[in-house]
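Everything below concerns the one structure shown next.
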Amino acid sequence: MRNLFSENGLQYLTFACVIVYIIGLFTCGILDVDASQYASISSEMLHSGEFLQVKHRHVDYLDKPPLLFWLSALSYYLFGETQVAYKLPSFFFTLLGLYACFNLAARLYNKQVASLAVLLLASCQAYFLFNHDIRTDTILAGAVIFATWQLVEYIHTRKWLYFFGGFSGIALAMLAKGPIGVMAPALAIASYLVGKKRWKDFYNPAYLLGLLWVLLLLSPMLWGLYQQYGSEGVKFYFWTQSFGRITGENVWRNDTTPLYFVHTFLWSFLPWVILALGAIVWRLQSYWRTRNHKNSAEILTVGGFLLVFAAMSMSKYKLPHYIFVVYGYAAIFTAAFVVKYLYRHLRKLRIATYAQIGVNLLIWTILILLAVYYFPLHNIYLIVVVSIMALGAVFYTLRGHKFLDRLIFPAAISIIAFNFFLNFHIYPNLLEYQSGTQVANYLTTHRINPKKVYFYKVSSHPLDVGLHTIVQDFEKANVSKTTESIWVYTDEEGAKYFRDDAPVKIKHMWGFDHFAVTRLTKQFLDPKTRRSAITKRYLVEIVLM
């Protein structure tokens, strides 16, 4: 096939994405609420030694399977309780997912599609986001694309190594997030078999062995659930946690609509969302016209994407990162669309290139607004690096040499520059408003014993994570009267209580700006109104009277 891209360009840009991920391991902190909660649970698991019974603040915790906690606790044990150690296992699963994405695309198409697919996946906004704000979905996404690749290889080769690799990937995905870990690859593989008209494969008795293998790998978790909750714990894992959100049995609900993941996809798959939407329309039209096995590769990825997308859209509780699990499929069918279709249709390629220029301008406009107005940038070195990236994007827009350079390279450079800027500048600025982190830094710097730290009225997972302990509730703790100081983290109401009503002597009181930094609002972002969006949290040094 004709070489459509500049030599090694795709690999260099993919490597640049990984570098930005690595920067985020060090600079972005552990954000509240979910990431810091999971880091706290991992630390508690390490210190308690209870690996089969997941607990949160010494109370049984049922909401998430344990794989993230197991791996993060192990990483804490090996490397110390740092933000990098917490994020490292998920980062490795991202690398596994990118490797699997390449191999799956190469099996379905060719290495040129595979190289492009890896870049599209690595550079979509979702992957930058969940490689620093670590939740269970990073591991889930890597395990799902790995399982899908291995099972496709098994279908083609009948080698047992791929068979056990595929079902091990499913087990890891289920240990990370529950039944979605089997549903996502199963729906993709079923679509593939239907597309290739391989009906007998649906009745392959070896799949029963695969399910038994999955149950064997799940058994430590299932035993732990049974010990904690009896049969209700097992039922919650297999049914209530996931399918219960569709039937209404799960108590978690929010006011999202069935179209929630549509607008989520529009921003989280940037800068490739326009190409992805074109790919879906092209492939569905093409398959409907021909309906033959030659299109089975796209049916695997498009079918796997759309079926999971539709099923999750029926849930009564949705968050943006839930849909990231199928972005590996989206990257592959989008890459195939670019390589197999756009380069043959010059007029549509020109339209797609102009559309991408519009997306690129949007990205740079947001970056400039953030750097000039919302969080002014004064670091000359960062300004120089981002400016060089901007010049690179302009160069490839105007002078790209290969056939598709002008379509792909400027967009990739733009989103890499944007997230490089976010990781080096914006997230460190946002952490200034995560009061639990700032209080933990203050206490650590002044070598305050964590056992003498309490919270009143408001708790903080970042405070727990920063102090490597579960900070006790002042109201429930048996704090004896002493001449020694204790420190209490609290809010406005708590500060007033200690000033006016509590039988204590206040030695010092420090105020810290506080905002939920993972739930940004226009009011907070605007420097003119930011102060009105911020609340206060306090660290009070007291002596009990």
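Of all DSSP beta bridges in the chain, what percent run antiparallel (nearest 5)?
Values: 18 of 24 bridges.
Around 75 percent antiparallel, to the nearest 5.
Rolling a 1.4 Å probe over the protein heavy atoms gives the chain an accessible area of 44 Å² per residue.
Amide H to amide H distances under 5 Å link Asp491 with Val458, Tyr538, where only residues 5 or more positions off or on other chains count and H is placed in the peptide plane. A cut-off of 5 Å between modelled amide H atoms, ignoring neighbours fewer than 5 places along the same chain, links Val504 with Met545.
If you place +1 on the Cβ of every Lys and Arg, -1 on the Cβ of every Asp and Glu, and leave all else neutral, what size is the dipole of the chain about its Cα centre, to the nearest 20 Debye?
The calculated dipole for the chain is roughly 2100 debye.
Between beta-carbons, use under 14 Å as the cut-off and find the net charge around Asn131, counting Lys and Arg +1, Asp and Glu -1.
Details: positive: Lys87, Arg135; negative: Asp133, Asp137.
Local net charge: 0.
Across the accessible surface of segment 358-429, with the other protein chains kept in place and a 1.4 Å probe, carbon and sulfur atoms take up 74 percent. The trypsin sites (Lys or Arg not before Pro) of segment 1-108 meeting both criteria, a DSSP state outside H, G, I, E and B (loop) and at most 14 other C-beta atoms within 10 angstrom of the site's C-beta, are Arg2. Note that segment 178-186 has calculated 3J(HN,Hα) couplings of x, x, 4, x, 9, 5, 4, x, 5 Hz, one per residue in order, obtained from phi through the Karplus relation 6.51 cos²θ - 1.76 cosθ + 1.60 (θ = phi - 60°); glycine and proline are x. The distance between label points at Ile506 and Arg57 comes to 2.4 nm (points 7 Å beyond Cα on the Cα→Cβ vector). The Cα atoms of segment 439-545 cover 46, 31, 24 Å along the three principal axes, with the biggest extent listed first. Each Lys and Arg adds +1 at its Cβ and each Asp and Glu adds -1 at its Cβ; summed about the Cα centre, segment 392-545 shows a dipole of about 360 debye.
Taken one residue at a time, the phi angles of segment 321-330 give Karplus couplings (6.51, -1.76, 1.60, θ = phi - 60°) of 6, 4, 8, 5, 4, 9, 6, x, 5, 4 Hz. Gly and Pro are set to x. Comparing Ala171, Leu151, Leu222 along the charge dipole axis of segment 124-277, the residue lying farthest to the positive side is Leu151, per the Cβ-charge model.
Farthest toward the positive end of the dipole of segment 25-156, out of His47, Ala106, Ala35, is the Cα of Ala106, where the dipole comes from beta carbon charges about the Cα centre.
What's the FRET efficiency of Tyr226 with Ser48 using the Cβ-Cβ distance as r and R₀ = 22 Å, to the nearest 0.05?
Details: r = 19 Å, r/R0 = 0.87.
Efficiency, rounded to the nearest 0.05: 0.70.
With respect to the chain, whose longest principal axis is taken over its alpha-carbon atoms, helix 67-79 is tilted by about 70°.
All C-alpha pair distances within segment 463-517, sorted into 5 Å bins from zero, spread as 4, 13, 24, 28, 21, 8, 2, 0 percent across the bins.
For segment 36-74 versus segment 96-126, the spacing of their alpha-carbon centroids is 33 Å. Reducing segment 143-208 and segment 470-484 to their Cα centroids gives an inter-centroid distance of 53 Å.
At full extension, Glu475 and Ala533 could sit 18.0 nm farther apart than now, given 0.36 nm per residue minus the alpha carbon distance. Rounded to the nearest 10 degrees, the inclination of helix 435-445 to the longest alpha-carbon principal axis of the chain is 60 degrees.
The accessible surface of segment 1-152, taken with every protein chain in place and a 1.4 Å probe, is 63 percent carbon and sulfur.
Here segment 459-498 exposes an accessible surface that is 44 percent carbon and sulfur, computed with a 1.4 Å probe and the other protein chains kept in place.
Let me check I've understood the local charge: for Val465, count other residues with C-beta under 14 angstrom from its C-beta, Lys and Arg +1, Asp and Glu -1. What total comes out?
Details: positive: Arg57, Lys87; negative: Asp32, Asp34, Glu44, Glu81, Asp133, Asp464.
For residues surrounding Val465, the net value is -4.
The protection proxy used here, the mean number of other Cβ atoms lying within 10 Å of each residue, ranks peptides 230-241, 126-137 as follows, highest first: 126-137, 230-241.
Helices in the chain, meaning DSSP H runs of at least 4 residues, each add -39500 (n - 2.57). Divided by all residues, the mean residue ellipticity at 222 nm is -20000 deg cm²/dmol. Of the residues Val488, Val84, Thr136, the one whose Cα sits farthest towards the positive end of the charge dipole of the chain is Thr136 (charges of +1 on Lys and Arg Cβ, -1 on Asp and Glu Cβ, taken about the Cα centre).
The values are calculated or read from the model by the stated rules, or taken from the named source; none is laboratory data. This one's a predicted model, so the numbers in the text were calculated from it and none came from an experiment. FYI the Cβ positions are ideal-geometry reconstructions off the backbone, even for glycines, and counts take in every protein chain you see. Heavy atoms of the whole protein, side chains included, go into the accessibility calculation; ligands, DNA and RNA do not. Shrake-Rupley method; radii C 1.70, N 1.55, O 1.52, S 1.80 Å.
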